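Q: Okay, handing you the structure first.
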Amino acid sequence: MAITKLDTGVVTFSNAKALLFTPYTDVDTIGATSYDLVSIVADTISLTPDDNTVNSKESEFSSTPLFENITLGPQKFAATCTDLQNTIMKEIMGWTLDSVSGSVFAPTQYVDLYVKIEIQFKNTATPSVIIPKLKLNSKTIISSLKTGSGECQMAGTAYEENIKVGEVTIKSPCAMIPADTTYLVGSEIV
């Protein structure tokens, strides 16, 4: 048996430098404008898969199952932002913007919102984390105003979407792509 020692090329995800989001204009089309969310609360960015669902047929005569079917758990994204400006309220929180008065209004029912997410890191050897299509399920909390601040709790589920890097196109809910590498997602792929 050959053993390969993995003591070089270590990749550690630490020291995020940017959280970029690009709103979709509809369920299938990525918009042309990306935004850099700068007012992110420390240590709130996360991409966590739910536990896998395991269905098995147990054996009568052994502790080893006769059959096991495993379904991957969906990947959940979260980040907390203290910036409640109109663009964020409209594009991430789903509020309605009246551009004449500059007012925003909370929704009365849920509306599907999708964004592309890119997490970049200070160490350029660390790949960017790309979520090509995130279905948002965010909420605004305005509380603790003497000692804290209102915040947008950005959250959502990563959906599979085509990601093209060079000549390769793969459908995935998440990718790690080397920093400064050009890639295309979904409707951007021609």
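Q: Take the residues in region 141-158 that are in contact with a strand residue (DSSP E or B) (Cβ under 7 Å, 6 or more places away or on another chain) and surrounded by fewer than 19 Cβ atoms within 10 Å (Cβ to Cβ); name whichever of them is nearest to residue 182 (Cα to Cα).
A: 157
Q: For region 180-190, enumerate the residues that are part of a loop (DSSP other than H, G, I, E, B) and either under 15 Å from the mean Cα position of the chain (by Cα) or β-branched (Val, Ile, Thr) (or both).
A: Within region 180-190, 181, 182, 189, 190 qualify.
Q: When only residues in region 66-123 that are within 19 Å of residue 149 (Cα to Cα) and among the β-branched types (Val, Ile, Thr) count, which is modelled with the lowest pLDDT?
A: Checked region 66-123; the qualifying residue modelled with the lowest pLDDT is 92.
Q: Of all residues in region 127-139, which are in contact with a Phe, Trp or Tyr (Cβ under 6 Å, 6 or more places away or on another chain) and part of a loop (DSSP other than H, G, I, E, B)?
A: The answer is none; no residue qualifies.
Q: Tally time: how many residues in region 73-101 are of a type in the set (Phe, Trp, Tyr) and in a loop (DSSP other than H, G, I, E, B)?
A: Residues in region 73-101 being of a type in the set (Phe, Trp, Tyr) and in a loop (DSSP other than H, G, I, E, B): 1 in total.
Q: Mind counting the residues in region 79-122 that are in contact with a Lys or Arg (Cβ under 8 Å, 6 or more places away or on another chain) and over 30 Å from residue 179 (Cβ atoms)?
A: 4
Q: Now for a different question. Please give the number of the condition residue 116 fails out of (1) basic (Lys, Arg); (2) assigned to a strand (DSSP E or B); (3) out of contact with any Gly (no Cβ under 6 Å at 6 or more places or on another chain); (4) surrounded by fewer than 18 Cβ atoms within 10 Å (Cβ to Cβ).
A: Among (1) basic (Lys, Arg); (2) assigned to a strand (DSSP E or B); (3) out of contact with any Gly (no Cβ under 6 Å at 6 or more places or on another chain); (4) surrounded by fewer than 18 Cβ atoms within 10 Å (Cβ to Cβ), residue 116 violates only (4).
Q: Taking region 16-52 as the region of interest, how many residues are outside any strand (DSSP E or B), over 14 Å from residue 114 (Cα atoms), polar (S, T, N, Q) and within 16 Å of the chain's Cα centre (by Cα)?
A: So the count comes out to 1.
Q: Same structure, new question: Taking residue 7 and the conditions (1) more than 26 Å from residue 171 (Cβ to Cβ); (2) without any contact (Cβ under 8 Å) to a residue 24 or more places away in the chain; (3) not in a loop (DSSP other than H, G, I, E, B), which numbered condition does it fall short on, given that it satisfies the others?
A: (3)
Q: Does residue 20 satisfy the condition of being within 17 Å of residue 157 (Cβ to Cβ), in contact with a strand residue (DSSP E or B) (Cβ under 6 Å, 6 or more places away or on another chain) and either at pLDDT 95 or above or of a type in the set (Val, Ile, Thr) (or both)?
A: no
Q: When region 70-88 is examined, which residues are found to be crowded, with 17+ Cβ neighbours inside 10 Å and closer than 17 Å to residue 22 by Cβ?
A: Across region 70-88, the qualifying residues are 77, 79, 81, 88.
Q: Just checking, does region 62-72 include any residue being free of Cβ contacts under 8 Å to residues at least 12 places away in the same chain, among the β-branched types (Val, Ile, Thr), in a loop (DSSP other than H, G, I, E, B) and within 25 Å of residue 184 (Cα to Cα)?
A: No, there is no match, as no residue in region 62-72 is free of Cβ contacts under 8 Å to residues at least 12 places away in the same chain, among the β-branched types (Val, Ile, Thr), in a loop (DSSP other than H, G, I, E, B) and within 25 Å of residue 184 (Cα to Cα).
Q: Is there any pair with a first residue in region 151-179 that is in a loop (DSSP other than H, G, I, E, B) and a second that is among the charged types (D, E, K, R) whose Cβ atoms are under 9 Å apart and which are 6 or more apart or on different chains, and what are they?
A: 160/133; 160/171; 173/133; 173/160; 173/161
The values are calculated or read from the model by the stated rules, or taken from the named source; none is laboratory data. Only a predicted model underlies this, so the values are computations on that prediction, with no experimental measurement involved. Backbone-built Cβ (ideal geometry, glycine too); neighbour counts: all protein chains shown.
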